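Asks: Structure in structure tokens, see below.
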Amino acid sequence: MDRSLGIFARATFLTVMVAVGGSAAAGELATAASKRIPICHGYSCNYRTMLTLGPGDGARFRSILRAGAGSPRAERFAISKAVRYFEQRIFRATGIRDLPQSEFGASRIKGQMDCVDESTNTHALLVYLAERKLLKFHRVEDNASRGLFVDGRYPHWTAVISDRGGTEWVVDSWYAAMGGAPDIFPLSQWKERGMLESGALD
């Protein structure tokens, strides 16, 4: 091999290795960095409480999502666990345990959440995970809604993710008690359901 070509090859290899190492380091730094997330509650985000997710939280989420790295289905189970942990952190921030679903007359009661609050908070978590490149098989989509009163259903909102095949999945934490497993199943099925019907993980 020409000596100049050998030097160029070695230089190129070192450049690539530095870039890869730099990317890994950047990923670790992103995971370790603190993040302040406004948590909605009181129905339709009447109140917001700032939740700071620190390096310890970042490490916990990384561990949870690493366990789901084997397949899209495994990652959805990991996302479910991440939501449960996130809601435990919300409880510690607000000091109030949110009741499942929505109670009529609970509007403007601090700590209680309707589907707008729940979907907004879950979406914020999913964005947090995506920003730290912890989602391998899914990307975060805009929140979705169903129900228009005129069709006999109350309006209801949910956070949404999509897999690489284009299937959209709801991540709906409204039905479960705070810290419980969210509903995760195809958005197309969720669209057809009524307000009081809960789904299950696939």
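The numbers here are math on the coordinates, done by the rules we state, and not lab data. Everything numeric here is computed off the predicted structure, so don't read it as measured data. A quick note on method: Cβ atoms are made from the backbone with ideal geometry, for glycine too, and the neighbour counts reach across all protein chains shown.
Asks: How big is the Kirkwood radius of the stretch 49-106, worked out from every pair of different alpha carbons and given in Å to one decimal?
Replies: 12.9
Asks: Of the peptides 77-85, 62-70, 110-118, how do they stack up when ordered by the mean number of other Cβ atoms within 10 Å, highest first?
Replies: Peptide ranking by packing, descending: 110-118, 77-85, 62-70.
Asks: Please state the charge dipole magnitude for the stretch 38-192, taken about the Cα centre, from unit charges on C-beta atoms (+1 on K and R, -1 on D and E), reported in debye and rounded to the nearest 20.
Replies: 680
Asks: Same structure again: Using a 10 Å cut-off on Cβ atoms, rank the peptides 35-41, 48-54 from the highest mean neighbour count down.
Replies: The packing order, highest mean first, is 35-41, 48-54.
Asks: Viscosity 0.692 mPa s, temperature 37 °C: what is the translational diffusion coefficient of the stretch 38-192 from Stokes-Einstein with a Kirkwood Rh over Cα pairs, rounded to a whole number of µm²/s?
Replies: 209
Asks: ARG36 to ALA181: FRET efficiency via 1/(1 + (r/R0)^6), r the Cβ-Cβ distance, R0 22 Å, to the nearest 0.05?
Replies: 0.25
Asks: If you plug each phi of the stretch 162-179 into the Karplus form 6.51 cos²θ - 1.76 cosθ + 1.60 with θ = phi - 60°, what whole-Hz ³J(HN,Hα) values come out, in order, with x for Gly and Pro?
Replies: 10, 8, 5, x, x, 6, 9, 10, 7, 10, 10, 9, 6, 6, 7, 5, 4, x
Asks: Spin-label point model (7 Å from Cα, Cβ direction): what's the THR167 to ILE96 distance in nm?
Replies: So the two model labels end up 3.8 nm from each other.
Asks: Please rank LEU187, LEU125, fewest neighbouring Cβ atoms within 10 Å first, as an exposure proxy.
Replies: Taking fewest neighbouring Cβ atoms as first place, the list is LEU187, LEU125.
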